[in-house]
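Contents: one structure, followed by commentary.
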Amino acid sequence: HFLGNVTIEKKLSENLSTTEYPAKFIVDKKTLKGAFYKMYNDFLGNMDMPWAGFNNGYYIWNVDPGELIDQLTQKLKEDKSISATERKRLNDMLNSMDENDNNYVFYGKLKQ
């Protein structure tokens, strides 16, 4: 498979334009069929994943602790659909983190 990003330029006025947030796509190299996709991390309360690496069927995400703390805090504040059990687990994880920690590396086998 081939993974990529595409951004679309959006013209706001005659002299002003911007680009939209990149959309991710995947293409099967054999059939050339492709689709857009959005990635979520079910271990972190189905949090949107803006970036990750993939290698041999594994997911890899290297993240700064301050960034992860901010993302988890926002997720817990805004997402009311998180179950009480999941909310407790995420809060426990958040309470064990410090912004001065080394980067966290998430590594896991992809679901088929």
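Observations on the structure shown:
- Enumeration of residues in the range 56-86 that are free of Cβ contacts under 8 Å to residues at least 24 places away in the same chain and either within 26 Å of Leu3 (Cβ to Cβ) or not in a loop (DSSP other than H, G, I, E, B) (or both): Asn56, Glu67, Asp70, Thr73, Gln74, Lys77, Glu78, Ala84, Thr85
- Residues satisfying the stated conditions in the range 1-29, i.e. closer than 26 Å to Gly57 by Cα, charged (D, E, K, R) and out of contact with any Leu (no Cβ under 8 Å at 6 or more places or on another chain): Asp28, Lys29
- Counting only residues that are surrounded by 11 or more Cβ atoms within 10 Å (Cβ to Cβ) and either outside the structural domain of Leu44 (by TED's automatic domain parsing) or more than 18 Å from Ala52 (Cβ to Cβ) (or both), the range 94-112 holds 4 of them.
- Scanning the range 54-89 for residues that are closer than 14 Å to Tyr104 by Cα, touching a strand residue (DSSP E or B) at 6+ places or on another chain (Cβ under 8 Å) and among the small types (Gly, Ala, Ser) yields nothing.
- Of everything listed in (1) among the charged types (D, E, K, R); (2) more than 28 Å from Val105 (Cβ to Cβ); (3) within 17 Å of the chain's Cα centre (by Cα), the single unmet condition for Lys24 is (2).
- Selection count, the range 8-34, where residues are among the hydroxyl-bearing types (Ser, Thr, Tyr) and within 26 Å of Met49 (Cβ to Cβ): 4
The values are calculated or read from the model by the stated rules, or taken from the named source; none is laboratory data. For clarity, every value in this text was computed on a predicted model and none was experimentally measured. So basically every Cβ, Gly included, is an ideal-geometry build from the backbone, and we count neighbours across all protein chains shown.
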